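S.K.: Quick one: structure below, then a few questions.
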Amino acid sequence: MRDLTEERLADAVVERLANIPDARARRVLSALVQHLHAFAREVELTEAEWKLGIQFLTEAGQISSGTRQEVILLSDVLGLSALVDSINHRVPQGATESTVLGPFFVEGAPNLPNGADLTEGVDTSTAPGEPTWVNGRVLTLDGAPIADAAVDVWQTRPDALYDVQDDDHAMQMRAQFRTDAEGRFFFKTYKPVSYPVPKDGPVGGLLDLIGGHGMRPAHIHAIASAPGYRRVVTHIFPAGDEYLDSDTVFAVKDSLVADFREVTSAEEAARLGMPSPFLEVDFDFRLVPQA
C-alpha cells in the first residue's frame, strides 16, 4: 500500500487487522482505528499536539503504581469509566444500580462480624468524624432476604484520605461483612466526606485546564455478592452533599443517594454502643439472579 490519502489510511489499517482471528478483538480494534483517525482528521491534529498527547499518556503510566492508577483516573474524569460501567451492568428496574469501582479498592479486607467498629484506630485529631451506624440488607428483586451474602465496604477517613494513600498502607475503614439469616448487615463507621482526586499528576493538569474542581462527593463504596446472583459494585452517597451534581467522575445516580439522619435517643445510642447523638443510614442491595 502506497500513497495513501488521509481518508484512505484508516481503511488500510483496518484491512490489515482483518487477519486477527478473534472476531471481538478484530471488531474492537477496527472501530478504535476508525474513530481515532476520524478524530485526528476532524480537529486537524498538529504534530505538537500529537507529541503532547503521547507525553501525557507516558507520564500517566510512569506515575501509576500498585496503589495508584493514573490511567484509570484519566478514564474516570473523561466519563469513560462511568460509560463502560453503565454498558456492562444494565439491570432491571428495582435492582441496585452499579457505579464505578474507583482506584482505591484492595483485596483482602478483614472479615468482621456484624456490629464491628470501623473507626477503631483512626486518628481524628485533625478531622473529627461524625459517628454513623449503617444498617443494610441484601435482598432478591422480590424482597426476599439473601443469607450469607458478602458485603465489602471501604471509604475515606475523616481526613478525606483512603488508607492506601498512607506510606504504611495499614488497612483502615474497610471490611467485609456477611449477612445474617434475614439478609442484614450492620456496622459502625464515620460519615464519609467529600475529597479531591489526586491532582499531582498529569490528570491534575487536565482538570486545571478545564477548570474542574476535582472533587468527589462523599460516599461509602460497597460490593454486594452472593452465589447465584450478579455482583454489584456501587456507592452510598449522603444526601445533601455539595458535589452530588458535579462529581468529577460522573458516578452519582439518584437511587444511590441516602439520608444520613440524626438520632438523638440516648437509649438507642446505648443499645448500639454509639455516642449520643449519632447518624444512622439504611441502604438495601437488591441483586439480579445470575444468568
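The values are calculated or read from the model by the stated rules, or taken from the named source; none is laboratory data. This is a predicted model, so every value here is computed, not measured. For neighbour counting, all protein chains shown are included, and Cβ atoms are generated from backbone atoms with ideal geometry for every residue, glycine included.
S.K.: Can you name the number of the only condition in (1) more than 19 Å from residue 152 (Cβ to Cβ); (2) in contact (Cβ under 8 Å) with a residue 12 or more places away in the chain; (3) more than 17 Å from the chain's Cα centre (by Cα) that residue 210 fails?
M.R.: Going through the list (1) more than 19 Å from residue 152 (Cβ to Cβ); (2) in contact (Cβ under 8 Å) with a residue 12 or more places away in the chain; (3) more than 17 Å from the chain's Cα centre (by Cα), residue 210 breaks only (2).
S.K.: Right, another one. Give the residue that is surrounded by the fewest Cβ atoms within 10 Å (Cβ to Cβ), with candidates limited to residues of region 77-100 that are under 19 Å from residue 290 (Cβ atoms) and touching a His at 6+ places or on another chain (Cβ under 9 Å).
M.R.: 97
S.K.: Considering region 195-234 alone, what residues qualify as being hydrophobic (A, V, I, L, M, F, W, C), surrounded by fewer than 20 Cβ atoms within 10 Å (Cβ to Cβ) and touching a Pro at 6+ places or on another chain (Cβ under 8 Å)?
M.R.: Within region 195-234, just 215 meets the criteria.
S.K.: Could you name every one of the strands (runs of 3 or more DSSP E) located completely within region 133-192 that has at least 1 residues being in the same structural domain as residue 121 (by TED's automatic domain parsing), among the basic types (Lys, Arg) and crowded, with 21+ Cβ neighbours inside 10 Å?
M.R.: On the way: elements: 150-154, 174-178, 184-190.
Those strands (runs of 3 or more DSSP E) span 174-178.
S.K.: With (1) in contact with a Phe, Trp or Tyr (Cβ under 8 Å, 6 or more places away or on another chain); (2) outside any loop (DSSP other than H, G, I, E, B) as the list, and residue 274 as the residue in question, which single condition is left unmet?
M.R.: Unmet for residue 274, out of (1) in contact with a Phe, Trp or Tyr (Cβ under 8 Å, 6 or more places away or on another chain); (2) outside any loop (DSSP other than H, G, I, E, B): (2).
S.K.: I need the full set of residues from region 235-291 which are within 16 Å of the chain's Cα centre (by Cα), free of Cβ contacts under 8 Å to residues at least 24 places away in the same chain and surrounded by 15 or more Cβ atoms within 10 Å (Cβ to Cβ), in order please.
M.R.: Matches in region 235-291: 237, 257.
S.K.: Also: Since residue 127 meets every condition but one in (1) in contact (Cβ under 8 Å) with a residue 24 or more places away in the chain; (2) loosely packed, with under 14 Cβ neighbours inside 10 Å, which condition does it not meet?
M.R.: Exception for residue 127: condition (2).
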